[in-house]
1. Between A:Ile31, A:Ile140, A:Ile227, where does the largest GNM mean-square fluctuation fall for chain A, given springs only between Cα atoms within less than 10 Å?
2. On average, how many beta carbons from a partner chain sit within 10 Å of the beta carbon of a residue in D:21-34?
3. Nearest 100 Å², what total accessible surface is buried between chain D and chain B (probe 1.4 Å)?
4. Would you pull out the residues with amide H under 5 Å of D:Ala113's amide H, same chain only if 5 or more places away, H placed 1.01 Å from N?
5. Just want the answer: with Cβ charges of +1 for Lys and Arg and -1 for Asp and Glu, which residue in A:Met47, A:His118, A:Ile76 is farthest toward the dipole's positive end in chain A?
6. What is the Cα centroid distance between the stretch B:227-271 and the stretch A:221-278, reported in whole angstrom?
7. Can you tell me the alpha carbon radius of gyration of the stretch C:137-200 divided by the globular rule-of-thumb value 2.2 N^0.38 Å?
8. Counting Lys and Arg as +1 and Asp and Glu as -1, what is the net charge of the other residues whose Cβ lies under 14 Å from the Cβ of A:Phe104?
There are 4 protein chains.
Amino acid sequence: MDEHIVLINCDDKKGLIYLITQAVLAQNLNIINNLEFVEKETNRFFMRTVIAGNLNQELLKNELYEKLPANAEIRIDKKRKKSVVILVSKEYHCLGDLLVRHHFGELRAHILAVISNHEVLKPFTESFGVPFHIISHEGISREDHEAEVLKKVATYSPEYLVLAKYMRILSNEFIRHFPDRIVNIHHSFLPAFIGANPYRQAFNRGVKIIGATSHFVTDALDEGPIIAQNVIPVNHTHSVKEMAKAGRDVEKIVLSQSLRLIFEDRVFVSGNRAIILE
Amino acid sequence: MDEHIVLINCDDKKGLIYLITQAVLAQNLNIINNLEFVEKETNRFFMRTVIAGNLNQELLKNELYEKLPANAEIRIDKKRKKSVVILVSKEYHCLGDLLVRHHFGELRAHILAVISNHEVLKPFTESFGVPFHIISHEGISREDHEAEVLKKVATYSPEYLVLAKYMRILSNEFIRHFPDRIVNIHHSFLPAFIGANPYRQAFNRGVKIIGATSHFVTDALDEGPIIAQNVIPVNHTHSVKEMAKAGRDVEKIVLSQSLRLIFEDRVFVSGNRAIILE
Amino acid sequence: MDEHIVLINCDDKKGLIYLITQAVLAQNLNIINNLEFVEKETNRFFMRTVIAGNLNQELLKNELYEKLPANAEIRIDKKRKKSVVILVSKEYHCLGDLLVRHHFGELRAHILAVISNHEVLKPFTESFGVPFHIISHEGISREDHEAEVLKKVATYSPEYLVLAKYMRILSNEFIRHFPDRIVNIHHSFLPAFIGANPYRQAFNRGVKIIGATSHFVTDALDEGPIIAQNVIPVNHTHSVKEMAKAGRDVEKIVLSQSLRLIFEDRVFVSGNRAIILE
Amino acid sequence: MDEHIVLINCDDKKGLIYLITQAVLAQNLNIINNLEFVEKETNRFFMRTVIAGNLNQELLKNELYEKLPANAEIRIDKKRKKSVVILVSKEYHCLGDLLVRHHFGELRAHILAVISNHEVLKPFTESFGVPFHIISHEGISREDHEAEVLKKVATYSPEYLVLAKYMRILSNEFIRHFPDRIVNIHHSFLPAFIGANPYRQAFNRGVKIIGATSHFVTDALDEGPIIAQNVIPVNHTHSVKEMAKAGRDVEKIVLSQSLRLIFEDRVFVSGNRAIILE
């Protein structure tokens, strides 16, 4: 039987769950999973409902728009794989993890292509049967480079862009094309060590724990809504290089965790915070 | 405004959430938090609803019993502190943590008394103004000892018994008086190292992680529903004694975590599993 | 048999371990534990040696100063409890944890007194038989307040000052009296959220993990050498208040962990990094 | 400059470090890292020393055998990559992680070949340029199957066998060919859930944490010395299948961690415990 995922967010008011479940029951369908959350600070209601059966999506959407508060956002879609394009530079660990999962059908997404400003990961990517495009940043302006990347991405029309250790800062212009649709893995436990060389920063600071953060990319560098974070212990015996090495395992796992949440339609964005219903 | 907590579990069927929210709306009240879960293996529906306002508890209960499946269990209560009696032996760390939280009003429960088979923790407990009763197990049978403990507990009529490192095994007879109401902290990561001397067992096995488990006490030794668990890393340099010492911090935190969940009415028992809605 | 702890740090050069073990053997004594580390960035050698028996401390010290590089720092002491004065404000959780451990002889230190700028924790502290001094900061300048605190601390001559949630920023003038001898617990995972209201900052940033950091206090606010850190997961359902509450358990455990390391003579300071030999 | 790793274990006695460092100094060489540990329960001394320069290995070995207690075991080798053969069945996640690391030169070992009782992972493995041999267990006895595997392994003469989710139990006869040289990843937090279907066991027990354990394979099923363990939180919403899925990320990371330790010559076996010097 088909499964449909309904994502609703709107101002909170009395009886919302009642209204929504009523509309689903009206089609004589069963809710097989329901998660809701009210963010007190914004008085905003978030709900993720999984419905089994022959849902008339348009009918439900129209009914809900009628009943729910005026500013409601409603997304209804069949449970299905998403489509992504991956951007990388030279590091292999996140890309490798994604390609292997993809190869065995466990990514919940189709990797349409990988784009890089370097050529080093081309043979590796292609051995998985995934197209790899090199768009070098050398000898051209940032604007021109981004324009080329954007053009190439456009040929694939992906739902999401995944920055799997893409070591270039994207312009606001670029980001605006993919609101809440670019996922980055940052090699540190944000908001500590924003910017370049986080492991060098972590070493100098003598921290006892390092981590990785996956977040949506917004205008502000490394400051978009956080989707997943994890950490591992380190100590004084770790050199910068060893911290970076240890950090890679966390990075790839955190990136995969965040993509699982996104591809399962569990992530809402509320201002600069991610609401994750699971 | 008063807050009421409604706990429902029953066989799952279509439209349960709708029915329940309808009954709440009928009293023109607002649901301020709602959590539900369907356990597929048992087809059982669990729901925890927080309602603000002048709830007519009897009315709601009667309506729900009418509408919900026949085997529904419904508990409705005001949000309030629970009452507990603590059983201990000689170790101070869990008791100390609970008494300090209690002293500063953060336990969400009243500690009515502490009962022990040893006298060592008496002055410490009494310095917090909490009654302490010594019921020695020496020179009497287990049955007689338990009977005395039971008699003393009965004078306090607590809702829960907390075994804060009570080093005696309770008989099924005793346990049956408090179904799903006795909470134990087990000094290991169950189901590893059931029974005595878990840290010696952990040392001999050369494990790299140790933990603690808080669970309800049932007939089977150390096998009741698990409420909370946590772990810490250890290594070959830890002696049995050092493992035990390191373990104590985990034990006291895990016990407190599980009590917070219980005292906030977040824990359902389904067979031998604890369903925790938070 | 007595145990002596020898702490050495000096420029690294060939044969240091040989020289040191030779000097110990010359007294016909046994090394029961030996830990060493060379920090490559500074080419600095650190060693912690535990010696059993009738050590002639002066003899060993003199021999080592002769043989080791000119800038060697050597500390030799019997294994013994340290002495501390604790500074607090209004929060009880770290103080409570320390007082309970102290009461049962497991702190590896004598708590000589507790000093606070508030009176709220006085009865609690005194119930453990520990002196409590109120030095209010109201109506006097920061300089005068610190001078009074300093005067009171001086009457106890403690080896360490422990800031167990002391919510006032100490002046460099004050800190200079206790170089690498003031231990602070910071209610966040440094270097994220330096300064005030870290849980509010963490909430606004939507982090998925919060933590606590114990560090030596130096001139720079919250930037001294980190001794211990730990974290716990949080999510979008945690309010600022709930984050703070969850954070308290981490804070008290991290502070205790760092004090154990310090009181066992396992912590060296190298620039702004703590080298911990265990 | 060459680096040599010296591994020593022998009965503990006074002056061992002195004797060993003296022998190294006699060749005018520098110790660049030194780690030692005395296991009190067995009075056994373990030491790992890294020496830079033109070491005369034979000379050092002979000198040490002369000076050290009679039962000393001494291994001296240049720092170099190890060689391994991997055994798998049908699951890809651990194999994938190892092949990707190997491909980018970060495994510290050469993967000579992969052997499987199933064919499913053949194209994937071969796409990395690594030989893949199918030795089906169907239609033949366990003895005959193992004999064939053994014969195939022998053609590669690997230093280590890695069981990367090899779902067959090896006979003692087989194991005896590779004492302390077979590394297994067990899909649970041993010693909990020994044997088959650990995630089903974990689900039934309602645990709140699951984990993975990497260990050397010995006669006793799942009871060899533990090298690395790690855990992740789960809860009542995880089905058996979801626990297994979540567990895979832990399994692959734990296996890689344990192999790093082994390939860096950091693991000693003492009875049924692994001593890990790092």
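1. A:Ile140
2. Working: counts 9, 5, 1, 4, 5, 0, 0, 2, 2, 4, 7, 3, 4, 8.
Across the residues of D:21-34, the mean count of other-chain Cβ atoms within 10 Å is 4.
3. Chain pair D/B: roughly 2800 Å² of buried accessible area.
4. Close amide H contacts, sequence-distant or interchain: D:Ile86.
5. Farthest towards the positive end: A:His118.
6. 26
7. Values: Rg = 13.2 Å, N = 64, 2.2 N^0.38 = 10.7 Å.
Compactness ratio reported: 1.24.
8. +4
The values are calculated or read from the model by the stated rules, or taken from the named source; none is laboratory data. For clarity, every value in this text was computed on a predicted model and none was experimentally measured. When we count neighbours, we look across all protein chains shown, and the Cβ atoms used for this are built from the backbone with ideal geometry, even at glycine. Remember, those area values only see protein heavy atoms, side chains included, never the ligands or the DNA or RNA. Shrake-Rupley method; radii C 1.70, N 1.55, O 1.52, S 1.80 Å.
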